[in-house]
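Note sheet for the following structure.
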Amino acid sequence: MTSTSRLPVLAGLPLAVGAGLAIPVQGRINGALGARLDDGISAAVVSFSTGLLVMILISLLLPRGRAGLARIIPAVRSRAFPPAYVLAGGIGALFVFAQTFTVGILGVALFTVATVTGQTVSGLLVDQLGLGPAGKKSVTGIRVVGCILTIAAVAWAVSPRFAASGSGAESGGGAAALLLPLLLPVAAGFLMSFQQAMNGTATVHYGTPIAATLVNFIAGCLVLWTVLAIKLVVAGPGNPLPAEWWYYLGGPMGCVFIGLGALLVRTLGVLVTGLGMIAGQLMGSLALDVFVPAPGSVVALPTVLGTILTLAAIILATLPWPRGALRGRRPVG
């Protein structure tokens, strides 16, 4: 087994936050591309395909990339990890589907809370089961409180968007009409922690996150191109591809947070890596809304305070608290 070096936690957590900054930028670009093409599936295919091209170039040009490339097939053949792990990119495709088909129904705010809830809960589960390369991490009271605070903080941060856009329930027949669409982003968020654990484990055996990220994009592209082929047969093509270069930056942004996530789960564990990315996502969204606002963007005091509270919740869940914290002192002897 080839292993990658561990990063210090104090260096890893800021990197996780930095990786999360790329997520809203990618979302903004892919959203604009989907509107331009009038086809969310085609926009997802373009994003994954450009990301795949970037990863192929990196894998061929960098020595570590070529070394990792040479280890992919031997690692899978030897069953160094479960072969199903190579399908982790399909979870990314599911997340894109969830965005495409439910954001218009639920709104951005409810979609964000749903995915964060699913990801946070599964982060605790994946760490407890020891599925990631960091091994088992116990579900302590402090970690549970940190997770609950994170979900509450995210809900608070996006609450102004509820008021600004409404909840979709008024046009969709009440809360019952939202239940089924709500399950898809919750499921997509829940599976994201498993994706990070799978990528992190594969990274250890490939020796580099470059190879794990490449395999992710290959799997995601296979899923999305298959769906696009079906869509073309049923509904026909959308608008032609735009000429502006910035529409094609969504894929490279995905390379950043998938690759860093695969690297960081070995040091931070799945839960803290996910929480760090959530914080970065909120900070990136806030920065976009302030400096490059889109129509309907809302920047209010709860957005700022909720983002700050999210950072505090992550610190709470990350710090090495005493074993008896939140449970009282254990008797000696």
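The values are calculated or read from the model by the stated rules, or taken from the named source; none is laboratory data. Because the structure is predicted, anything quoted here is derived from the model rather than measured. Cβ atoms come from the backbone with ideal geometry, glycine included; neighbour counts cover every protein chain shown. Only protein heavy atoms, including side chains, enter the accessible area calculation; ligands, DNA and RNA are left aside. Shrake-Rupley method; radii C 1.70, N 1.55, O 1.52, S 1.80 Å.
Could we say that Pro242 is closer than 20 Å to Pro133 by Cβ and open to solvent by less than 40 Å² (accessible area, probe 1.4 Å) here? Give the steps one after another, and end with the answer.
Values: closer than 20 Å to Pro133 by Cβ: no; open to solvent by less than 40 Å² (accessible area, probe 1.4 Å): yes.
It is false that Pro242 is closer than 20 Å to Pro133 by Cβ and open to solvent by less than 40 Å² (accessible area, probe 1.4 Å).
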Q. Which residue pairs have Cβ atoms under 6 Å apart, sit 6 or more places apart or on different chains, and have a first residue in the stretch 224-248 that is farther than 22 Å from Phe101 by Cβ and a second that is open to solvent by 60 Å² or more (accessible area, probe 1.4 Å) and part of a helix (DSSP H, G or I)?
A. Pro242/Arg36
Q: Restrict the check to the stretch 216-230 and report whether at least one residue is open to solvent by less than 10 Å² (accessible area, probe 1.4 Å), under 14 Å from Met192 (Cα atoms) and either touching a Lys or Arg at 6+ places or on another chain (Cβ under 6 Å) or in a helix (DSSP H, G or I) (or both).
A: yes
Q: Could you tell me whether Arg66 is open to solvent by 20 Å² or more (accessible area, probe 1.4 Å) and at pLDDT 85 or above?
A: yes
**Q.** Qualifying residue in the stretch 100-107 (condition: at positive phi and touching a Gly at 6+ places or on another chain (Cβ under 8 Å))
**A.** yes
Q. For the stretch 107-121, which residues satisfy the criterion of being surrounded by 24 or more Cβ atoms within 10 Å (Cβ to Cβ) and hydroxyl-bearing (Ser, Thr, Tyr)?
A. Thr112, Thr115, Thr120
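A quick yes/no check of all residues on (1) modelled with pLDDT of 65 or more; (2) part of a helix (DSSP H, G or I); (3) open to solvent by 70 Å² or more (accessible area, probe 1.4 Å); (4) aromatic (Phe, Trp, Tyr):
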{"residue": "Ser285", "(1), (2), (3), (4)": "yes, yes, no, no"}
{"residue": "Leu305", "(1), (2), (3), (4)": "yes, yes, no, no"}
{"residue": "Ile315", "(1), (2), (3), (4)": "yes, yes, yes, no"}
{"residue": "Gly333", "(1), (2), (3), (4)": "no, no, yes, no"}
Q) When Gly132 is evaluated against the numbered criteria (1) open to solvent by less than 50 Å² (accessible area, probe 1.4 Å); (2) within 26 Å of Leu179 (Cβ to Cβ); (3) more than 13 Å from the chain's Cα centre (by Cα), which criterion, by number, is the only one it fails? A) (2)
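Among the listed residues Val86, Val76, which satisfies the condition of being without any contact (Cβ under 8 Å) to a residue 12 or more places away in the chain, in a helix (DSSP H, G or I) and open to solvent by less than 50 Å² (accessible area, probe 1.4 Å)?
None of the other options fit; the residue is Val76.
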Q. From the list Gly51, Gly65, which one is assigned to a helix (DSSP H, G or I), touching a helix residue (DSSP H, G or I) at 6+ places or on another chain (Cβ under 7 Å) and within 30 Å of Val290 (Cα to Cα)?
A. Gly51
